[in-house]
Every structure is written in C-alpha cells, then in structure tokens.
Amino acid sequence: MHSEIRTLLSSTFGRLLEQQHPAAYARRALPADDGAQRALWKELAEGGWLEAGSEAFQAEYGPGTQLMGEWAGRALLTLPYGASAFLASALLEQTPALSEVVLDLAAHPASIRCDRAGDEQGWIDAYGPTAQYLRLSRQDEGWRLARYDPAMLESVQGLDPTVALARLRGSAVAQAALPSAQALPALQNHLAFLLAQLVGTASASLDLAIAYAKEREQFGRPIGQFQAIKHALVDAWTGLDNSRYAVEALLAARDSADPELAALSARLAASASRRAVKLSIQVHGGIGFSWEHDAQLYLKRAYRLAVEVERLAALMRD
C-alpha cells in the first residue's frame, strides 16, 4: 500500500510539472519572479510540496523523493525546488532559530551554495530578486548558514544556459551556526534529490535518442537496429538504472549520514548521466548539436548537475 501511495504522490508531482513547466521555460531561463514561474511556485507551496524534506513527509513518503527528483530532471525545472524543500526547509525544521536567516520559502525560493569556509569562488544559481540566496559553509567545527543581499549578486557566464549564474558579493546580511549532526543528514537527503534529478535529466535525453533511433532510417532500416547504436543505448540505459539503485540506497540511509555512500552514489550517477547525454547527442547526429533541438539542453543541465553533486559529495566527506 505504501508503495502505491508513493507512486501516486510522485506521479501527481510529475503531472504538475508536465502541465506547468514546458521545456520552453528552460530555453528562456525564466527567473523565479516571472509570472508563470510564480504561479507554479504558488502551487508547489499550497500543495505542501515545499514540506517534502520534513521528517514527517520523509517517514511516510521518503522513497518517493527519487521519483520526484526524476520528474524535476525531466522537466528541466528552472526553480530551486530541491534546495528549498530538501535543504532550507529541512534545516529550518530542525533549527527554528534559523528563521532569522531563512526567509519565507513560499514567497522567496531559496538558492543555496554549499562550500567550505574561505572558498573564494562564491558562484550560485540566480533566480531573480525575489529569490533568497543562502550559503551553507563547512567550518572547522560545524557549519554556518548565511543569507546574502540579492542586489549584490554579480552575473557571470555559466555552463548551463537554462539557469542564470551569479557570484555572491559583499557580507552576509544574516547568519547562524549549525552543528554537523543537523547539517549532514539534510545535505545527504538533498544530495539524493539532486542525484535523482540528474538521472531524470539524463533519462529524458536518452528517451529522445531511443525514439529518434526508431524513426531515423539509414540503408533502408531504422538506425536503432544497428548493433553499434543498439548496444550503446542499452549500456547507457543500464547505467542509469544502476544509478537508481544507488539513489535508493542513499535514501534508505537518510537517518544517519554516510559520506562514503554519498560519494559512491554521486560518482555512479554522474558518470552514467554524462555518458547517456553524450550518447544522445551522437545518436541524433548533426541535429543533436543544434540550438534548435532539446538534446543540448539536457546535456548542459546534466553536466552542471554532475559537477554540483560531485562537489556536494566531496564536501560531506571532508
């Protein structure tokens, strides 16, 4: 019964994204303060989806996190849902004193940079002036959560054109300390959602390639019938399916942080996803390299997410 409830829960979330977040949003890199984006965020908030990282939700529907992440990846979601629901909201639930740092998530989606104290890079995904920009930094003892002024962001060119990128500047306007015992479990659950999102992005790209291989003909038959393409597609699909088992294992260990498992899951999912999106481009041939085709959107999103999950997993191990 619980499996059926989780599936229903996740499919409901998926239908919401399918109906209200077309790929065109990613092409235009819509910010959170766009009218369509505000409407979707309002539905996510009113539907209780921002509470998906809470202890009560996870105890009942935790494995559904994986399907929710995959739906977000398939939709090329251009809102900071994972960071808001699985990190900012979860940390706020554990430490109510963070309410002085974390603004109302229903009104201000949270973009979060996770790094080490003293890291000078400071880049963060930018979602417009209505979003809030948080930095979770690992200190010698524990962690520090800080909020920065959106007006101080400096725009930079990023790998993924579907989401704007900026650099944090100036001093924090609010901050608070966090013990590792509270930060690490939330980070691990957040990582699990990001890994699922990465796998979902790569799976959507691979689906495009499989469909194209069935209809594109060469030498009088579909190219998917040639072993060089058929076997490569099967290998890529198997790699993504194996990644799902790694995400499941990480979700099952949510009550106690496991940095080694997190690192292994990140390596497996990042490698399989990079392979899948590159293969999708190759199977599509010349059109796969064009701006007009969606394959390049999935490739760039997958590469950005792969970098993010590898950084986050490494941060948890230090």
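Do the conditions hold for Ala172, that is, is it assigned to a helix (DSSP H, G or I), open to solvent by 20 Å² or more (accessible area, probe 1.4 Å) and out of contact with any helix residue (DSSP H, G or I) (no Cβ under 7 Å at 6 or more places or on another chain)?
In short, no.
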Qualifying residues in the range 215-226 (those that are in a loop (DSSP other than H, G, I, E, B) and of a type in the set (A, V, I, L, M, F, W, C)) - the one most open to solvent (accessible area, probe 1.4 Å): Phe219
First in the range 157-184 and more than 13 Å from Gln94 (Cα to Cα), second anywhere and assigned to a helix (DSSP H, G or I) and aromatic (Phe, Trp, Tyr), Cβ under 9 Å, 6 or more apart: Leu159/Tyr303; Asp160/Tyr303; Thr162/Tyr25
Close pairs from the range 128-152: first touching a residue at least 24 places away in the same chain (Cβ under 8 Å), partner of a type in the set (D, E, K, R) and assigned to a loop (DSSP other than H, G, I, E, B), Cβ under 7 Å, at least 6 apart: Gly128/Asp33; Pro129/Asp33; Thr130/Asp33; Arg138/Asp318
Positions within the range 236-249 being open to solvent by 20 Å² or more (accessible area, probe 1.4 Å) and either touching a residue at least 40 places away in the same chain (Cβ under 8 Å) or touching a Cys at 6+ places or on another chain (Cβ under 7 Å) (or both), in sequence order: Arg244, Glu248
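Results for (1) assigned to a helix (DSSP H, G or I); (2) at pLDDT 95 or above; (3) more than 16 Å from the chain's Cα centre (by Cα), shown as yes or no for each residue.
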{"residue": "Leu194", "(1), (2), (3)": "yes, yes, no"}
{"residue": "Gly200", "(1), (2), (3)": "yes, yes, no"}
{"residue": "Ser203", "(1), (2), (3)": "yes, yes, no"}
{"residue": "Asp207", "(1), (2), (3)": "yes, yes, yes"}
{"residue": "Ala213", "(1), (2), (3)": "yes, no, yes"}
{"residue": "Ala228", "(1), (2), (3)": "yes, no, yes"}
{"residue": "Leu240", "(1), (2), (3)": "yes, yes, no"}
{"residue": "Arg244", "(1), (2), (3)": "yes, yes, no"}
{"residue": "Ser256", "(1), (2), (3)": "no, no, yes"}
The range 30-58, subset surrounded by fewer than 17 Cβ atoms within 10 Å (Cβ to Cβ) and small (Gly, Ala, Ser), residue nearest to Glu248 (Cα to Cα): Ala56
Residue satisfying all of: in the range 86-113; in contact (Cβ under 8 Å) with a residue 60 or more places away in the chain and crowded, with 24+ Cβ neighbours inside 10 Å; farthest from the chain's Cα centre (by Cα) among these: Leu91
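On the given criteria, is Glu260 in a helix (DSSP H, G or I) and acidic (Asp, Glu)?
Judged against the criteria, Glu260 is a match.
The values are calculated or read from the model by the stated rules, or taken from the named source; none is laboratory data. Keep in mind that what you see is a predicted model, and the values were worked out from it rather than measured. With ideal geometry, Cβ positions are generated from the backbone for all residues, glycine too; neighbour counts draw on all protein chains shown. Accessible surface areas use protein heavy atoms only, side chains included; no ligands, DNA or RNA. Shrake-Rupley method; radii C 1.70, N 1.55, O 1.52, S 1.80 Å.
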